[in-house]
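Asker: One structure, as structure tokens, below. Some questions next.
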Amino acid sequence: QVQLVESGGGLVKAGGSLRLSCLASGYGFSYTAMGWFRQAPGKDREFVAAISKTGYGTYYADSTKGRFTISRDNAKNTMYLEMNSLKPEDTAVYYCGSAEVYSTQPRDYFYWGQGTQVTVSS
């Protein structure tokens with residue numbers, strides 16, 4: 001069955017770094033674009049970053065550009081999000097998703113993981 005599993009979340013101090021991973025199984029990972037979204041309590045799911053099927057095209061929200069780096073390893077069916085210079089406003093549940101092509105809209109993603117909590121303290 002299709003499964004996306006996020007890992008790497010946790011509690012970190014402001015200014016710190018964290019790397020999230022998304023391990024995919026049960027479908028053709030290399031045939032899909034991938035994206036990271038986040039959602040804080042009471043807020044809509046927000047686009048963070050996306051990456052093309054090959055990994056050569058990357059896209060970032062203005063709030064994360066320059067601090068976050070998205071990457072993928074198709075041989076390992078895994079996508080990563082390296083987060084640096086973390087801020088309290090980065091606190092949210094982070095989700096990985098699969099789409100036909102990259103998109104900033106949650107509705108375009110047809111597979112989702114369960115999410116991993118990232119908490120950044122002041």
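Asker: Of all the strands (runs of 3 or more DSSP E) wholly in region 11-122, which have at least 2 residues that are open to solvent by less than 20 Å² (accessible area, probe 1.4 Å) and of a type outside the set (A, V, I, L, M)? Steps first, answer last, please.
Answerer: Working: elements: 18-25, 33-39, 46-51, 58-60, 68-73, 78-83, 92-99, 109-112, 116-121.
Passing ranges, in order: 33-39, 92-99.
Asker: Among the residues of region 74-97, how many are within 20 Å of Ala24 (Cβ to Cβ), touching a Gly at 6+ places or on another chain (Cβ under 8 Å) and not hydrophobic (A, V, I, L, M, F, W, C)?
Answerer: The number of residues fulfilling the criteria is 4.
Asker: Scan region 63-122 for residues that are among the aliphatic types (A, V, I, L, M), in contact (Cβ under 8 Å) with a residue 60 or more places away in the chain and under 13 Å from Lys53 (Cα atoms) and report the count.
Answerer: Selection size over region 63-122: 2.
The values are calculated or read from the model by the stated rules, or taken from the named source; none is laboratory data. Only a predicted model underlies this, so the values are computations on that prediction, with no experimental measurement involved. Note that we place each Cβ from the backbone using ideal geometry, even for glycine, and neighbour counts take in every protein chain shown. Only protein heavy atoms, including side chains, enter the accessible area calculation; ligands, DNA and RNA are left aside. Shrake-Rupley method; radii C 1.70, N 1.55, O 1.52, S 1.80 Å.
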